[in-house]
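Engineer: The structure's right below; bear with me while I get my questions together.
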Amino acid sequence: MLSSMKSPATQIFQGRQISPGMAEGKIHIHRILYGLLDMDESIESREADDEVSRLDNATLKISDDLCALASRVEKEIDSRLAEVFSVHQLILEDDSLKEELRKEIVSNLVTAGSAVKTVFLRWEKRFLLMESQISKDKGDDMRDLSIRLRNALAGITIHSLEEIPPGCVLATKRLLPSDTIFLRSRDTAAVLLEFGTFGSHVALFTREMGLPCISGLRHLITTVPDGSNALVDADAATATIDPDEQQINRFRKKVERNAAAFRLALDHTFTPAQTKDGVVITVLANIGSDSDTRLAMENGAEGVGLYRTEKAYIGRLHPPNDEELYQEMLHTLAPAKGKPVCVRLLDIGADKPLPFMKFMAESNPSLGCRGIRLLRRYPELLDTQLRTVLKLAKEFDIQILVPMVTLPDDMAIVKDRLSQISSEMDINMIPKLGAMIETPGAALSASEIAKYSDFLSFGTNDLTQYTFAADRENAEVEAYFNHAADAIFRLMKIVHDDVPEMPLSLCGELAGRSEHISKILECGIKTLSIAPPLIPGIKESIRESYSTGSPR
Ligand code: PEP
Ligand code: MG
C-alpha cells in the first residue's frame, strides 16, 4: 500500500501490456551491474590451459545450479517453465559453443570471463538477427547464461534479485528468465520494463505468476526515483508514479470493480454465452500446457480451440516419435477430456533454432518455409502428428487445425494424408480438418481452401502481421500492427460472405478483446478461442452484445 498521499510531480508512463492486472507499491530500481564483470583481461599462453579448466569447472557448477533451479520452478510454478532451464543446460552442452569458447581463450589469450563475454555476445547477436520470437528468446537465454557463467568465474554466488524489497514494484531495463523466479519469492507487486516483448520467456513467466507487467517504458529507470509510489495498471498499460490522492482513489476503485466483475463473471461462466439476440457463441481456450488446460476448464472453457503443439518440439535434440508425442499430448489435454479439442499441427519454421533443424537457413524466414510449408517439406513430421492425433481421437473429441495455409493444395495434401493414415489405422471416424486463415492471400482464397476444410479459424496475430507487413514482435513497428483495424475485419467479412455456410472461429489475441466482440460477431464468427484467464470476462461481453453488431 502506498503511504504518502501528496506528491509534487506525478508522472504517467504508457507502455505495452505484457501481463494483465493492477497493483500498487514502491518502486525499486534494479540496475543490472553487468559492467563490473566486463573486464577484458589478457593472459600468458602458459595460463591458457588453467583458464580452460576454470571455465569447465564454472560450467559444471552452473549446470548443477540450473538443475536445482529447474526443479524449484517445476515445484513452485510450472513444469513447462522449468524447461527454460533445461534448455539452458542443453546450450551449455553444445559442442560448437564449447569449442568456440576454448578457441577464444587459447587463440586470443584472454581470461575465461572475457571469452565468455565475447563468444556469448556473438551468439546472442546471431539469435537476435533471426526473425522469430523464439530465436530472440534464445538471445535472452544466451545473455542470461553469460552472466551466470561470468558470475561463477568471478566467485559471485548471490543472485542480484535475491535481495529486492518484498512487495515492491520492480523497475528495470530488462529481465532475464532466471530473474523471474526471485520475483515470486519476494512477493513482487508488479514489474515495469524498458524492454521486453509479449512473446518472451519473461512474459510467459509473469503471466503464469499473475504478476502485472508492462514493457516499452523507455528511460523509466533514469527518470523515476527509487522508492517512489507507483500505481501499475497493466490492463491499460500505464504506470502512474507519485500519484495524487485522487488518482490513488480512482485506481483503488477500479481494482475493486475489477475484482467484483471477475467474481460475478466466474459465477456465470459455466452457462453458455448467448448474445442479446439469442445467438450462442462457443468459447474455447488457447492452450500450450496441461496447466493452461486445467485453468481453462476451471474458468468455464467449453473445450480447446487452439492447442499450440510447439512445446513438444522445442528444446529437443530430435523430433518426438509417435509414442513421445502421444504421451505429451495426452498429458496436456487430459483436463479437457469429454470436451472438444482442436490440435494445431506444428507451427514452426526454418528460423526457429530447433537443434534437429540446424541445417535450414532462410534469409526471410517469416515468408519462408513455416507452418504447413515445413510439414510438406518434411512429410514424416506431418505423418507422426497425424498418427498421434488419430490415436488420441479414440479418447478425445478431436479436430485438427493446419497452420499458415496459403494455398488450397496445403489443405488438399493434409486431407489426403489424413484419410490414407486413417484407413491404415482402421479408423472410420476421421477428425474434422480446419485451415488457419493467417494471411490476406488465404482470406481471399477462402472459397478454394474451404473445398478441403470442415472449418476455418482466423489467426489474427499473423493475419495482422502479414496484412500490414509489420513484425508482430518488433516494438519499432508497433504502430503498424493493429489487429483491430478495419482491414482485418473486412478480410474476415469477405471470408464469411464467400463461404457463408462454413463454421468460422477466431483464435488470435483479438478474440480476447471485449471492446471488439460485437464487430467480431458481425463477421459471422460463432466460436472464439482465447487465453484461459479471459474466459469468464469474454463470456460476459458476449452476453452484452448483439450478433449483428447492434440491435435490429
Ligand atoms: C495467430 O497467428 O493469430 C495464431 C493464433 O497463431 P500463433 O499466435 O500461434 O501464431
Ligand atoms: Mg499464427
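Engineer: Do you know which residues across the range 414-470 are touching a helix residue (DSSP H, G or I) at 6+ places or on another chain (Cβ under 6 Å), in a loop (DSSP other than H, G, I, E, B) and within 13 Å of ligand 2 (Cβ to nearest atom)?
Structural biologist: Within the range 414-470, E438, T439 meet the criteria.
Engineer: Taking the range 78-94 as the region of interest, how many residues are modelled with pLDDT under 70 and surrounded by fewer than 18 Cβ atoms within 10 Å (Cβ to Cβ)?
Structural biologist: 1
Engineer: Moving to a separate point now. Quick check, is K493 under 25 Å from S541 (Cβ atoms), part of a helix (DSSP H, G or I) and more than 16 Å from ligand 1 (Cβ to nearest atom)? Explain how you work it out, then say what you get.
Structural biologist: On the way: under 25 Å from S541 (Cβ atoms): yes; part of a helix (DSSP H, G or I): yes; more than 16 Å from ligand 1 (Cβ to nearest atom): yes.
Answer is yes for this residue.
Engineer: Go through the range 496-536 and count every residue that is farther than 17 Å from G549 by Cα and either in a helix (DSSP H, G or I) or within 16 Å of ligand 2 (Cβ to nearest atom) (or both).
Structural biologist: 12
Engineer: Looking only at the range 221-236, count how many residues are hydrophobic (A, V, I, L, M, F, W, C) and either surrounded by fewer than 23 Cβ atoms within 10 Å (Cβ to Cβ) or more than 29 Å from the chain's Cα centre (by Cα) (or both). Let's see the steps before the verdict.
Structural biologist: Applying the first criterion (hydrophobic (A, V, I, L, M, F, W, C)) to the range 221-236 yields 221, 224, 230-232, 234, 236.
If we keep only those that are either surrounded by fewer than 23 Cβ atoms within 10 Å (Cβ to Cβ) or more than 29 Å from the chain's Cα centre (by Cα) (or both) too, we end up with 221, 224, 236.
Residues meeting the conditions: 3.
Engineer: Follow-up. If a residue counts only when it is under 30 Å from G15 (Cβ atoms), which strands (runs of 3 or more DSSP E) contained entirely in the range 231-346 have at least 3 such residues?
Structural biologist: Result: 238-241, 280-287, 304-308.
Engineer: Also, I was wondering about something else. Go through the range 423-449 and give me each residue that's more than 13 Å from ligand 1 (Cβ to nearest atom) and either in contact (Cβ under 8 Å) with a residue 60 or more places away in the chain or of a type in the set (G, A, S) (or both).
Structural biologist: Selection gives S423, G441, S445, A446, S447.
Engineer: Turning to a different aspect of this structure: Which one is surrounded by the most Cβ atoms within 10 Å (Cβ to Cβ) among residues in the range 297-332 that are closer than 26 Å to R370 by Cβ, small (G, A, S) and away from ligand 1 (no atom under 13 Å from the Cβ)?
Structural biologist: Step by step, filter the range 297-332, then rank; the result is A312.
Engineer: If you go through the range 300-316 one residue at a time, do you hit one that is among the hydroxyl-bearing types (S, T, Y), in the same structural domain as A531 (by TED's automatic domain parsing) and away from ligand 2 (no atom under 16 Å from the Cβ)? Let's see the steps before the verdict.
Structural biologist: If we filter the range 300-316 for residues that are among the hydroxyl-bearing types (S, T, Y), which is where we start, we get 307, 309, 313.
This time we only want the ones that are in the same structural domain as A531 (by TED's automatic domain parsing), so: 307, 309, 313.
With the extra rule that they be away from ligand 2 (no atom under 16 Å from the Cβ), the set shrinks to none.
The answer is no, given that none of the residues of the range 300-316 is among the hydroxyl-bearing types (S, T, Y), in the same structural domain as A531 (by TED's automatic domain parsing) and away from ligand 2 (no atom under 16 Å from the Cβ).
Engineer: Among all residue pairs at least 6 apart or on different chains, which show Cβ distances below 6 Å where the first residue, located in the range 450-463, is hydroxyl-bearing (S, T, Y) and the second is within 10 Å of ligand 2 (Cβ to nearest atom) and not in a helix (DSSP H, G or I)?
Structural biologist: If the second residue must be within 10 Å of ligand 2 (Cβ to nearest atom) and not in a helix (DSSP H, G or I), the pairs left are S457/M436; S457/C507; T460/G508.
Engineer: Identify the residue in the range 369-405 that is farther than 15 Å from A435 by Cα and not in a helix (DSSP H, G or I) and, among all such residues, is nearest to ligand 2 (Cβ to nearest atom).
Structural biologist: C369
Engineer: Could you tell me whether the range 107-119 includes any residue that is in a loop (DSSP other than H, G, I, E, B), at pLDDT 80 or above and hydroxyl-bearing (S, T, Y)?
Structural biologist: yes
Engineer: Inspect the range 487-500 for any residue being touching a residue at least 24 places away in the same chain (Cβ under 8 Å) and small (G, A, S) and give the result as yes or no.
Structural biologist: No, because not a single residue in the range 487-500 is touching a residue at least 24 places away in the same chain (Cβ under 8 Å) and small (G, A, S).
Engineer: Among the numbered criteria (1) modelled with pLDDT of 75 or more; (2) in a loop (DSSP other than H, G, I, E, B), which one does L97 miss?
Structural biologist: Status for L97: all satisfied but (2).
To keep it simple, each residue is scored yes or no on (1) surrounded by fewer than 22 Cβ atoms within 10 Å (Cβ to Cβ); (2) touching a Phe, Trp or Tyr at 6+ places or on another chain (Cβ under 7 Å); (3) over 30 Å from H483 (Cα atoms).
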position	(1), (2), (3)
V389	no, no, yes
D397	yes, no, yes
P403	no, no, no
V414	no, no, no
R417	yes, no, yes
I427	yes, no, yes
L433	yes, no, no
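Engineer: Looking at (1) in a loop (DSSP other than H, G, I, E, B); (2) outside the structural domain of V73 (by TED's automatic domain parsing); (3) at pLDDT below 85, can you tell me which one T188 breaks?
Structural biologist: The failed condition is (3).
The values are calculated or read from the model by the stated rules, or taken from the named source; none is laboratory data. Since the model is a prediction, treat every value here as computed from it, not as a measurement. Note: ideal-geometry Cβ built from the backbone for every residue, glycine included; neighbour counts use all protein chains shown.
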